[in-house]
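**Student:** My questions will all concern the structure given below.
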Amino acid sequence: MGRVDLQVTPSVTSGRREVVAGSVGNLVEWYEFALFGAFATPIAATFFPEADAARSLLTVFGVFGLAFVMRPFGALLFGHLGDRVGRRHVLVATLGLMAVATAGIGLVPSHARVGVVAPVLVIVLRSVQGVAIGGEFGGSASLVVEGVEPRHRGWYGGWHWATTGAGLAIGIAAGALVGMIPASSPAAAWAWRVPFLVALPLGVVGLVVRTRVDDSAAFRDLRATGRLARRPLRDALEQSRPQLAVGFTTVAAAAVTFNLFSVFLPNHLVLHGWMDLPTALGVAFVTPLLGSATAPWFGRLSDRVGRRVVVLAGLVGLVAAIPLGLWLATSGSLAWTLFGFAVVGVPLGCLSLTAFLAELFPTPVRHSGISLSYGLATAILGGTAPVVASVLSGQDGGLVLPGLYGLATVGVAVVVVWRVSSGPGDSTDRLRT
């Protein structure tokens, strides 16, 4: 792979504005996206009632995965627009769509009141969430990385990656707090809707921030000189196939691991009587929390030693953490369960992928390239992980096969990233051929 250069040096002030705009909106969107998984159990009871609770939960996991299936469509649409008309316009659109769809889920009447209309509306709104998030990560990652000096991309990209985990963590925390309401309380039937409705004011805050920032200097330079890609998606597919493969496998490893531990496992522990829902979500909160806390520092390390070294270390860490975390989660001890979730969070933070992914693609196709690799990976593997893990666990609730599924995904990423050669903190990542 040739050099991926950002030819315009960003100013410090404009760069920080772009980092804030990309990161704040990213946090808000991932909070909103995480709520569906965090509230899978009450959503199952409200909209998808079944005599068999496990079957009802499996249906919700299917709807949860539907949003991931819709991500590539958002990636195709918003990736093209982001590379043609600008990152900022796209990021305003994705944030607005996500806020409206999330609040909409909180307003849908229950199945008991409107029958089949309720689950249909939930499916439609969850699909809109998927389309919106499909264009979010690629756009905000491009805006952040293009807006800062090359020697600081890992550091600021780490903060962007941290807001992804932080948004997910806040969504899980909301689930844990609401879950503490006694089932006998009248509020238990509707309190889960409140975090969804909060999406509207949060969305407004994010929109205000994003409308006050311009596109990066690198993108503006392309537009001023008439060097924008006419068909960015086609160009990415034709010229950056190896880079797309690298992006796909690394994102898949992170997404499968996260969804195993933050969506499947908490609900699995509740379903099989290991702990109640608030406790399960409380311990699951630790995984994205530690990932967010460590991501900027691993990003800064990548500015010094190179992206490949740090990302590869994170992947190898997951190979050890996945089986250990699953084993500890069913130890029967709350402390060891908490530690099991924690050991997964650190290597996820080490996978500070924002700068790594952005530097794989040149500026004219960056939004499309990141969005496509990210969207496909989360659609095919990440989003389906809770359903696949539920099926693999079987009736006895065993975690060996789900663990092997996660390890296989990470193992493929290790092999692919091992073929990547990069210099310390620059944008000269290359693939060995």
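**Student:** Can you run phi through the Karplus equation (6.51, -1.76, 1.60; θ = phi - 60°) for region 286-298 and list ³J(HN,Hα) in whole Hz, with x for Gly and Pro?
**Tutor:** Each residue's phi maps through the Karplus curve to give 5, 4, x, 4, 5, x, 5, 5, 9, 4, x, 6, 5 Hz.
**Student:** Also, quick follow-up: Between Val120 and Val415, how many nm apart are label points set 7 Å from Cα along the C-beta direction?
**Tutor:** 4.5 nm
**Student:** Let me ask you something else. Separation between the Leu401 and Val309 pseudo-spin-labels, each 7 Å from Cα along Cα→Cβ, expressed in nm?
**Tutor:** Each label point lies 7 Å from its Cα, and together they span 4.2 nm.
**Student:** How large is ³J(HN,Hα) for each residue in region 251-261, as worked out from phi by the Karplus curve 6.51 cos²θ - 1.76 cosθ + 1.60 (θ = phi - 60°), to whole Hz, x for Gly and Pro?
**Tutor:** Residue by residue, region 251-261 yields 5, 4, 4, 5, 5, 4, 4, 4, 6, 5, 8 Hz.
**Student:** If you don't mind, another one. Return a whole-number percent for the relative contact order of region 31-143, with Cα pairs under 8 Å and 6 or more residues apart as the contact set.
**Tutor:** Computed value for region 31-143: 38 percent relative contact order.
**Student:** Would you mind ranking Thr211, Thr59 by Cβ crowding within 10 Å, fewest neighbours first?
**Tutor:** If I rank by nearby Cβ atoms, fewest first, I get Thr211, Thr59.
**Student:** Which angle from 0 to 90°, rounded to the nearest 10, does the C-alpha axis of helix 153-179 make with the longest principal axis of the chain?
**Tutor:** It is inclined by approximately 10 degrees.
**Student:** Sorting Glu50, Glu359 on the 10 Å Cβ count, fewest up front, what's the list?
**Tutor:** Lowest to highest Cβ neighbour count: Glu50, Glu359.
**Student:** What number, in percent, do you get for the relative contact order of the chain if the mean sequence gap of Cα pairs under 8 Å and at least 6 apart is divided by its residue count?
**Tutor:** Once divided by the residue count of the chain, the mean separation gives 28 percent.
**Student:** Of the candidates Val286, Val400, Val251, which one comes out as most mobile in a Gaussian network treatment of the chain with C-alpha springs shorter than 10 Å?
**Tutor:** Val400
**Student:** For n ≥ 4 DSSP H runs only, could you compute -39500 (n - 2.57) per run for the chain, divide by its residues and tell me the 222 nm figure to the nearest 500?
**Tutor:** -24500 deg cm²/dmol
**Student:** Order of 323-332, 69-78 by packing, highest average Cβ count within 10 Å first?
**Tutor:** By packing density, highest mean first, the sequence is 69-78, 323-332.
**Student:** Label points 7 Å out from Cα along the Cβ direction at Ile380 and Val100: separation in nm?
**Tutor:** Taking the two extended label points, one gets 3.2 nm.
**Student:** Considering the options Pro195, Val28, Phe64, tell which one lies farthest towards the positive end of the dipole of region 12-431, charges being +1 on Lys and Arg and -1 on Asp and Glu at the Cβ, about the Cα centre.
**Tutor:** Selected residue: Val28.
**Student:** Still on this model: In a GNM of the chain with a 10 Å cut-off on Cα contacts, which of Leu237, Leu281, Leu57 has the highest mean-square fluctuation?
**Tutor:** Greatest mean-square fluctuation among the candidates belongs to Leu237.
**Student:** Compute, for the chain, the length of the dipole vector about the Cα centre, with Cβ point charges of +1 (Lys, Arg) and -1 (Asp, Glu) only. Units Debye, rounded to 20. Working shown, then result.
**Tutor:** Values: 30 positive and 21 negative charges, 203 e Å.
Dipole magnitude for the chain comes out near 980 debye.
**Student:** Same structure again: Residue by residue through region 321-328, what is 3J(HN,Hα) from phi via Karplus (6.51 cos²θ - 1.76 cosθ + 1.60, θ = phi - 60°)? Round to whole Hz and write x for glycine and proline.
**Tutor:** 6, 4, x, 5, x, 5, 5, 5
**Student:** Between Ile181, Ile172, Ile105, where does the largest GNM mean-square fluctuation fall for the chain, given springs only between Cα atoms within less than 10 Å?
**Tutor:** In the Gaussian network model the winner is Ile181.
**Student:** What does the extension gain come out to for Phe73 and Arg230, with contour length at 0.36 nm per residue minus their alpha carbon separation?
**Tutor:** Between Phe73 and Arg230, full extension yields 54.6 nm more.
**Student:** Could you tell me which label, among [x] 4, 19, 25, 19, 12, 9, 7, 5, 1, 0; [y] 4, 19, 30, 27, 15, 4, 0; [z] 5, 24, 34, 24, 10, 2, 0, carries the value of P(r) over Cα pairs in 10 Å bins from 0, in percent calculated for this structure?
**Tutor:** Here the calculated entry is [z].
**Student:** Just want the ordering: Trp192, Trp297, from fewest to most Cβ atoms lying within 10 Å of their own Cβ.
**Tutor:** Fewest to most other Cβ atoms nearby, the residues stand as Trp297, Trp192.
**Student:** Give me the number: length gained by fully extending Arg220 to Glu149, i.e. 0.36 nm times residue separation minus the C-alpha to C-alpha distance, one decimal in nm.
**Tutor:** 24.0 nm
Bear in mind these aren't lab numbers, they're just calculated from the coordinates by the rules spelled out. Here the structure is a predicted model, which is why all the values come from computation and not from measurement. Cβ: placed from backbone, ideal geometry, glycine included. Neighbour counts: every protein chain shown.
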